[in-house]
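Novice: To start, I am sharing the structure in question, which I have written as structure tokens.
The values are calculated or read from the model by the stated rules, or taken from the named source; none is laboratory data. Nothing here was measured: the structure is a model prediction, and the numbers come from that model. Using ideal geometry, Cβ is built from the backbone for each residue, glycine included, and neighbour counts are taken over all protein chains shown.
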Amino acid sequence: IIRALLNGEEVSHDGLVAVDRARLWTRPGTVPPLVGAACSEATARWCAEWADGLITVNAPHEKLRRIVDAYRTAGGAGPLHLQVHLSWDPDP
């Protein structure tokens, strides 16, 4: 749905998400990458089917390796991103 809208198409779809004659009247000059978010191997495999890249959250190295491997094995070839939470105090 999103890719079709970004390509200027009028979209109707009845599934998990329903849209009726949706259209973007103002589109970006460059189509942004669609990055899938995954915290499990199953979701990483699903993202490999459609996403231009993958983002996940910080986790133990072995869990991250399994998520990345699932994405790559399922055909995901896009860049990988990791969300990391940091705290900073300018006056410790």
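Novice: When the range 18-45 is examined, which residues are found to be part of a strand (DSSP E or B) and either under 18 Å from R72 (Cβ atoms) or not assigned by TED's automatic domain parsing to the domain that holds R3 (or both)?
Specialist: Listed by number, the residues that qualify are V35, G36, A37.
Novice: Would you check if R66 is under 14 Å from the mean Cα position of the chain (by Cα), part of a helix (DSSP H, G or I) and among the basic types (K, R)?
Specialist: no
Novice: Residues in the range 46-61 that are aromatic (F, W, Y) and either more than 13 Å from T73 (Cα to Cα) or modelled with pLDDT under 95 (or both): how many?
Specialist: 1
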